[in-house]
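Scroll down for the structure; my scribbles are underneath it.
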Ligand SMILES: C[S@@+](CC[C@H](N)C(=O)[O-])C[C@H]1O[C@@H](n2cnc3c(N)ncnc32)[C@H](O)[C@@H]1O
């Protein structure tokens, strides 16, 4: 993979980045499913965004990514430049308010921000995930207690089938039926 990813892995814990195995998993998943339009909530310094947008790039896709912290937003901008990524739109703001209205339909959404607002993200996005698309949620095992109400909400929803994977800090894949 790109040297920039190796470089960012040295400071991974300071920026709460996904682990490299999760990055590689999401890269393969996006390509295998032929996803084209993705939304990430929680850019941090851009580590996961590089994995996601590189996977999308190979199939002419685009990533939208939201970050509320000004300095991390700027660091991500620099890292995306270093990685020569063009298929990305960075949004500076606080989700859920900053969730873009367009494009309306998404192939996937990746939730990796503050753990208390996931239900709001889900309520806004559940009808905007294409059939066959996914909501991918990070920290499902590491933050099980805080995320319990969210996990239950998604599991009860008949339009989604969810599986929890013991990879990185725990990923929930919620497949739109
Ligand atoms: C766990 S880190 C994201 C790590 C990143 N996805 C990666 O793996 O490289 C969470 C980031 O989400 C941002 N954040 C938290 N709540 C947010 C919100 N409601 N809207 C936008 N950004 C948020 C934080 O500032 C932080 O930089």
Counted residues in segment 104-113 being assigned to a loop (DSSP other than H, G, I, E, B) and either within 9 Å of residue 128 (Cβ to Cβ) or without any contact (Cβ under 8 Å) to a residue 60 or more places away in the chain (or both) come to 2
All but one of (1) outside any helix (DSSP H, G or I); (2) under 19 Å from residue 78 (Cα atoms); (3) in contact (Cβ under 8 Å) with a residue 40 or more places away in the chain hold for residue 52, so report the exception by its number.
(1)
Of all residues in segment 126-177 being surrounded by fewer than 19 Cβ atoms within 10 Å (Cβ to Cβ), in contact (Cβ under 8 Å) with a residue 40 or more places away in the chain and within 14 Å of the ligand (Cβ to nearest atom), the one that is nearest to residue 22 (Cα to Cα):
167
Subset of segment 110-123 (residues that are at pLDDT 95 or above and within 12 Å of the ligand (Cβ to nearest atom)):
110, 111, 112, 113, 117, 118, 120, 121
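From the list 86, 101, which residue is under 18 Å from residue 129 (Cβ atoms) and assigned to a loop (DSSP other than H, G, I, E, B)?
Just one listed residue meets the conditions, 101.
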Just give me the residues in segment 71-103 being more than 9 Å from the ligand (Cβ to nearest atom), without any contact (Cβ under 8 Å) to a residue 12 or more places away in the chain and either surrounded by 18 or more Cβ atoms within 10 Å (Cβ to Cβ) or under 17 Å from residue 125 (Cα atoms) (or both), in sequence order.
101, 102
Need at least 1 residues that are on the phi > 0 side of the Ramachandran plot per element, so show me which strands (runs of 3 or more DSSP E) inside segment 120-177 make the cut, counting only ones lying wholly within it.
129-137
All-but-one check, residue 116 against (1) out of contact with any helix residue (DSSP H, G or I) (no Cβ under 8 Å at 6 or more places or on another chain); (2) free of Cβ contacts under 8 Å to residues at least 40 places away in the same chain; (3) part of a loop (DSSP other than H, G, I, E, B), failing number (1)
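Table: residues versus (1) within 13 Å of the ligand (Cβ to nearest atom); (2) crowded, with 18+ Cβ neighbours inside 10 Å; (3) at pLDDT below 95.
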{"residue": "26", "(1), (2), (3)": "yes, yes, no"}
{"residue": "30", "(1), (2), (3)": "no, yes, no"}
{"residue": "35", "(1), (2), (3)": "no, yes, no"}
{"residue": "43", "(1), (2), (3)": "yes, yes, no"}
{"residue": "49", "(1), (2), (3)": "yes, yes, no"}
{"residue": "55", "(1), (2), (3)": "no, yes, no"}
{"residue": "59", "(1), (2), (3)": "no, no, yes"}
{"residue": "64", "(1), (2), (3)": "yes, yes, no"}
{"residue": "69", "(1), (2), (3)": "yes, no, no"}
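So which residues in segment 55-72 are assigned to a helix (DSSP H, G or I) and farther than 12 Å from residue 15 by Cβ? Spell out how you get there, then give the answer.
Start the filter on segment 55-72 by keeping residues that are assigned to a helix (DSSP H, G or I), which leaves 55-57, 70-72.
Matches in segment 55-72: 55, 56, 57, 70.
The values are calculated or read from the model by the stated rules, or taken from the named source; none is laboratory data. From a predicted model like this one, the values you see are computed outputs, not experimental measurements. Reconstructed Cβ throughout: ideal geometry from the backbone, glycine too, with neighbour counts over all protein chains shown.
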